[in-house]
Ligand SMILES: *Cc1c(COP(=O)(O)O)cnc(C)c1O
């Protein structure tokens, strides 16, 4: 019997998918990002659901994640954002598409394919326009073109870039500059290769803040989970995942006593405390401790006492009546992961991805 669970409402996912689609032109394709086990949810169930809902593409960070999806029977095109040089055989064997982000990688894939009897590989060329993470720089474009012209097995299908601050409305001019730089590089590639390519640039926040730059496809991860990174838009989305854990013991603490490791909390009055069966091994950051965060029972907030332990933590339940076997939520639709994350100086992405494999994933299946 599980004592901690992540409840995943696939109806909320379907709602978010169709809401996001409603923000786009009818011809714009939709790439759903399911890397990192669909941001800590479940990559296979998410991919199956998104395939059924009509997503056009899936994307993951590393090849192994894509192989897991293919092995589970996912048929959609899958883009690997950060494939390694040694992945080339698997990319072909599992019918994956690869992001090309460096000259070395382009050279190595091209050399490999030209020397082998393997067929082609579809590639998306990632142009660095200011994020300075992965990507081909403007000065490298002439060499990219030469490399592409001297081979016939890497098929350039898409041009892409990634925004650095699409969630920051005060930095929209930077995002616009990135889009302009992207268009400039795309244009030079198209002129040289005498071919027009499809393009994708926007992540979730970009869909809301820079919709006029949607090009032929958008890439969305976090918004599918119900988080837009923009407070005024969040109400249009539905929170997909609720993290719950069981109360396993309720006990009295006398004034002056300590709770938890290293005397992390001392009671200033007689109180009732409860142990909650989830800890830092399950992705509950140690920063949640020391009353920095709280959990919720019905709508009452219960402050976390002292330090988070590996498998559990303690909360103050003095104001309420609660018993062993009751469930509390760490985050849910009312007290969402974004608020919870902010209280310890992080973001919803990190909180969701950190949820450990010991936490059971429970699905609320699609109605109809
Ligand atoms: C993770 C990722 C995304 C998804 O970003 P969200 O903010 O979750 O929508 C899009 N594009 C790239 C290249 C990514 O690495």
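The values are calculated or read from the model by the stated rules, or taken from the named source; none is laboratory data. Just so it is clear, the structure is predicted and the values come from calculations on it, not from any experiment. Glycine gets a Cβ as well: all are built from the backbone with ideal geometry, and neighbour counts include every protein chain shown.
State all residues of region 190-204 that are part of a loop (DSSP other than H, G, I, E, B), away from the ligand (no atom under 16 Å from the Cβ) and either touching a residue at least 12 places away in the same chain (Cβ under 8 Å) or in contact with a strand residue (DSSP E or B) (Cβ under 9 Å, 6 or more places away or on another chain) (or both); if no residue qualifies, say none. Reasoning before the result, please.
Step one: of region 190-204, the residues part of a loop (DSSP other than H, G, I, E, B) are 194-197, 201-203.
From what's left, away from the ligand (no atom under 16 Å from the Cβ): 194-197.
Passing the criteria: 195, 197.
Comparison of 92, 74 shows that the only residue that is away from the ligand (no atom under 16 Å from the Cβ), in contact with a strand residue (DSSP E or B) (Cβ under 8 Å, 6 or more places away or on another chain) and in a loop (DSSP other than H, G, I, E, B) is 74. Here residue 218 meets each of (1) away from the ligand (no atom under 16 Å from the Cβ); (2) touching a strand residue (DSSP E or B) at 6+ places or on another chain (Cβ under 8 Å) with one exception, condition (1).
Among residues of region 95-111 that are over 18 Å from residue 132 (Cα atoms), those with a beta-carbon under 6 Å from a residue that is assigned to a loop (DSSP other than H, G, I, E, B) and more than 16 Å from the ligand (Cβ to nearest atom) at least six positions away or on a different chain give the pairs 110/151. Listed by first and then second residue, the pairs linking a residue in region 79-91 that is within 15 Å of residue 68 (Cα to Cα) to a residue that is within 16 Å of the ligand (Cβ to nearest atom) and assigned to a helix (DSSP H, G or I), with Cβ atoms under 7 Å apart and 6 or more places separating them unless they lie on different chains, are 80/63; 80/66; 83/63; 87/63; 90/63; 91/63. Restricting 218, 247 to those that are outside any helix (DSSP H, G or I), modelled with pLDDT of 95 or more and farther than 30 Å from residue 323 by Cα reduces the list to 218. For region 331-346, the tally of residues that are within 16 Å of the ligand (Cβ to nearest atom) and touching a residue at least 60 places away in the same chain (Cβ under 8 Å) stands at 4. Considering the conditions (1) in contact with a strand residue (DSSP E or B) (Cβ under 9 Å, 6 or more places away or on another chain); (2) surrounded by fewer than 22 Cβ atoms within 10 Å (Cβ to Cβ); (3) touching a residue at least 40 places away in the same chain (Cβ under 8 Å); (4) not in a loop (DSSP other than H, G, I, E, B), residue 239 is excluded by exactly one of them, (4).
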